[in-house]
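What follows is a short report on a single structure.
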Amino acid sequence: MNFDYTDEQNMLRDSIAKWAAGQYDFDKRRAALASEDGWKANWATFAELGLLAAPLPEAYGGLGGGAIDVSVVAEEFGKALVVEPYVPTVVIAAGALAHAGNEAQRQEHLNAIAAGERVVAFAQAEPKSRWSLNDVSTSARKDGAGYVLNGQKAVALGAPQADHLLVTARTAGGQRDAKGVSLFLVPKAAKGVSTRDYPTMDGSRGAEIYLESVSVGAEHLIGAVDNALPLIERLVDEAKAAYCHEAVGAMRMMCSLTQEYAKTRKQFGRAIAEFQVLQHRMVDMFMAAEESYSMALRATIKLGESDAERAKAVSAAKVSIGKAARFVGQAAVQTHGGMGVTDEMRVGHYFKRVTMLDSTFGNVDFHLKRYMALSETKAA
């Protein structure tokens with residue numbers, strides 16, 4: 001199997017790296033995070049560079065790429081510590097429309113996403129649902145040809161920047177039933193939608209979302225009514241694979257920053273990079289990052305296989321990369337000493353980001369249990 005990237009994918013990687021070096025360095029990133037509207041200029045640049053259109057179908061303003069193109073973007077975003085809501089909009093929302101949307105929905109929304117005119121947040125988690133995708137108490141009651149939504153969603157990443165929300169809601173069955181979950185694309189400005197926005201520890205933004213008698217038409221339903229869970233599981237696995245590549249990019253940067261620091265920091269009259277114990281530690285960090293890349297790439301390749309194979313590969317990657325990211329982050333901070341966790345040092349921000357990525361859509365323990373359950377099911 002040929003694992004080389006295409007010329008177009010290498011050009012995509014180079015264009016992101018050049019943009020990040022000139023427009024998204026550490027100081028400019030901090031300035032953008034301090035401003036509520038600072039992300040808009042970056043989002044417009046993403047559209048100009050074709051990042052938003054890269055994995056979307058050509059018929060709807062996209063470039064006809066796929067999961068590998070997303071992985072390239074995600075890894076470079078990980079290196080630059082980009083926190084704009086790329087995955088919720090391009091991977092999850094656009095993926096939902098591409099996989100299950102009707103022609104009118106695709107024409108309306110995919111073209112807008114590719115052009116940078118639409119930002120979507122995934123409103124799936126609830127205060128008591130933990131990481132269970134089928135645990136949905138938000139209701140969508142049939143009302144004529146449309147629906148009325150009521151409920152609360154928690155930690156919707158990117159919701160403060162979004163103009164639409166991709167909402168999971170129960171149209172039938174009990175709170176934890178697999179059957180009866182549906183998916184709706186709801187304008188955030190719709191009557192009855194309110195949010196409580198807040199920053200997260202890694203610099204991104206999230207929100208609690210409250211839906212009170214929100215009326216939506218049938219055209220806002222994405223895919224089949226009552227049977228959206230398989231689609232949601234697929235979308236979330238695709239998002240996890242992208243986040244795995246983002247974690248790889250962050251780990252590679254932590255390795256690079258630690259090596260640079262060790263060459264300049266002197267102790268006992270010598271650069272600490274000359275100490276054998278730290279040399280061994282930095283080799284271990286490098287190996288952990290490269291092994292994580294292999295796991296992330298395997299998960300991305302497996303996205304096109306059966307549901308069970310896809311889920312196992314993604315969970316295996318989440319377990320391996322979650323452990324590796326913790327090790328690399330801790331080693332990087334320890335090598336920098338106490339100032340490694342200060343706001344002025346980049347390495348601490350990377351550690352925060354990989355910590356957030358580990359807990360997004362399930363941490364190491366969750367995915368280890370999921371992998372074991374899937375393996376037992378296959379064996380049976």
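The values are calculated or read from the model by the stated rules, or taken from the named source; none is laboratory data. This one's a predicted model, so the numbers in the text were calculated from it and none came from an experiment. In this analysis, Cβ positions are derived from the backbone assuming ideal geometry, glycine residues included, and neighbour counts consider all displayed protein chains.
For this structure, a couple of remarks:
- Qualifying residue in segment 116-127 (condition: more than 25 Å from residue 242 (Cα to Cα) and of a type outside the set (Ser, Thr, Tyr)): no
- Identity of the residue in segment 149-170, assigned to a strand (DSSP E or B) and among the hydrophobic types (A, V, I, L, M, F, W, C), that ends up farthest from residue 225 (Cα to Cα): 165
- Flag: residue 118 matches the condition of being of a type in the set (Lys, Arg) and in contact with an Asp or Glu (Cβ under 7 Å, 6 or more places away or on another chain).
- In the set 212, 219, only one residue is surrounded by fewer than 17 Cβ atoms within 10 Å (Cβ to Cβ), in a strand (DSSP E or B) and not assigned by TED's automatic domain parsing to the domain that holds residue 97; that residue is 212.
- Test: residue in segment 251-259 that is in contact with a helix residue (DSSP H, G or I) (Cβ under 9 Å, 6 or more places away or on another chain), polar (S, T, N, Q) and modelled with pLDDT under 95: no
- Restricting segment 125-148 to residues that are small (Gly, Ala, Ser) and not in a loop (DSSP other than H, G, I, E, B), the residue that is farthest from residue 177 (Cα to Cα): 146
- Annotation note: of 312, 318, 369, 352, the sole residue that is assigned by TED's automatic domain parsing to the domain that holds residue 249, under 26 Å from residue 123 (Cα atoms) and without any contact (Cβ under 8 Å) to a residue 24 or more places away in the chain is 369.
- Residue match in segment 113-123 (condition: among the aliphatic types (A, V, I, L, M) and more than 21 Å from residue 195 (Cβ to Cβ)): yes
- Screening the candidates 39, 43 for the property of being touching a residue at least 40 places away in the same chain (Cβ under 8 Å), part of a helix (DSSP H, G or I), crowded, with 16+ Cβ neighbours inside 10 Å and touching a strand residue (DSSP E or B) at 6+ places or on another chain (Cβ under 9 Å) yields one hit, 39.
- Failed condition for residue 136, given (1) at pLDDT below 95; (2) aliphatic (A, V, I, L, M); (3) closer than 20 Å to residue 188 by Cα: (1)
- Restricted to segment 173-209, and to residues there that are crowded, with 16+ Cβ neighbours inside 10 Å and among the hydroxyl-bearing types (Ser, Thr, Tyr), the residue that is nearest to residue 359 (Cα to Cα) is 204.
- Of all residues in segment 80-124 being small (Gly, Ala, Ser) and outside any helix (DSSP H, G or I), the one that is surrounded by the fewest Cβ atoms within 10 Å (Cβ to Cβ): 115
- Test result for residue 375, part of a helix (DSSP H, G or I), outside the structural domain of residue 126 (by TED's automatic domain parsing), modelled with pLDDT under 95 and among the hydroxyl-bearing types (Ser, Thr, Tyr): yes
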